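Everything below concerns the one structure shown next.
Values in this text are rule-based calculations from the coordinates and carry no lab data. This one's a predicted model, so the numbers in the text were calculated from it and none came from an experiment. Glycine gets a Cβ as well: all are built from the backbone with ideal geometry, and neighbour counts include every protein chain shown.
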Amino acid sequence: MSLVIPGSLHSLVLQVEPHHAAKVATLAREAAPRLGLDPALAWAAGFLHDLGKLSLPVQVLEAARPLAGPNGRWCRAIRWRGR
């Protein structure tokens, strides 16, 4: 299977954590054959896995402590909707 991630989506991922996305994508591609999965699809999933972080405010992403109060409730609500 061959997958192409559209340029605009690719650019969005690179805004979050470009090195992390590339590392996770590479690890997923390398592990895929051992798990009976398609390497290209695993790479795409690994690359896109943090895309939802773009919807979070910077203060939430960079919090050095567990989130409480409004930010904690907001993040839990976002996580719940994503299931």
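Run L54 past the list (1) surrounded by 13 or more Cβ atoms within 10 Å (Cβ to Cβ); (2) within 12 Å of the chain's Cα centre (by Cα) and report the number of the one that doesn't hold.
Single failed check for L54: (1).
Can you name every residue in the stretch 27-50 that is closer than 19 Å to V4 by Cα and surrounded by fewer than 14 Cβ atoms within 10 Å (Cβ to Cβ)?
Passing the criteria: L27, E30.
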